[in-house]
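Read through the structure below, which is laid out as structure tokens, and then see the notes.
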Amino acid sequence: MFYAGGVGVKGEAFQRLVDGVHSREPVSGLTHGFYRYPARFSPLFVRAAIEAFTEPGDLVLDPFLGGATTAVEALALGRRAAGIDINALAIFVAQAKTLLLSDADLASVRRWALRFHLR
Ligand SMILES: C[S@@+](CC[C@H](N)C(=O)[O-])C[C@H]1O[C@@H](n2cnc3c(N)ncnc32)[C@H](O)[C@@H]1O
């Protein structure tokens, strides 16, 4: 049993947390590969912790944002996300990784990228 803020986690949720802590899988999926920030959490651990301790719509804060693993997973799980970091690079990376693009935005980026592909 694992306790955080007086909330106990057991059973499958506890096992997912333990598996996440011990995971040696490379960090991948979603936008995690955009930039390799040092000393990143395993997304498996972050996902398990968010699912164990929060509900959809809750606000998840990472006060040491780094590569924004927590923010990316929180948004993907339907939570809101906030982060703080002393390093401007972390803020830039987090903004790039969590930017939600509309279909029109995506089409515009594709057109822009295609111009370079054709050269
Ligand atoms: C190991 S990284 C966090 C990685 C992140 N949890 C992830 O999984 O991507 C630690 C971060 O804490 C930041 N940091 C260290 N001291 C800080 C402080 N006093 N205030 C804000 N951020 C700080 C560093 O700039 C660094 O980006």
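The values are calculated or read from the model by the stated rules, or taken from the named source; none is laboratory data. All values reported here derive from a predicted model rather than from experimental measurement. Quick reminder, even Gly has a Cβ in these numbers, built from the backbone with ideal geometry, and neighbours come from all protein chains shown.
Overview of results
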quantity: Verdict on residue 24 being of a type in the set (Lys, Arg), under 22 Å from residue 12 (Cα atoms) and at pLDDT below 90; calculated: yes
quantity: Residue check, residue 61 among the hydrophobic types (A, V, I, L, M, F, W, C) and at pLDDT 95 or above; calculated: yes
quantity: Any hit, the stretch 27-48, residues being out of contact with any strand residue (DSSP E or B) (no Cβ under 9 Å at 6 or more places or on another chain), among the aromatic types (Phe, Trp, Tyr) and closer than 20 Å to residue 101 by Cα; calculated: yes
quantity: Among (1) exposed (fewer than 10 other Cβ atoms within 10 Å of the Cβ); (2) at pLDDT below 95; (3) more than 12 Å from the ligand (Cβ to nearest atom), the one test that residue 52 misses; calculated: (1)
quantity: Enumerated helices (runs of 4 or more DSSP H) restricted to the stretch 1-118, each holding at least 3 residues that are under 14 Å from the mean Cα position of the chain (by Cα); calculated: 43-53, 69-76, 88-98
quantity: Residue selected from the stretch 57-109 under the condition within 21 Å of residue 26 (Cα to Cα) and loosely packed, with under 14 Cβ neighbours inside 10 Å, by the criterion nearest to the ligand (Cβ to nearest atom); calculated: 64
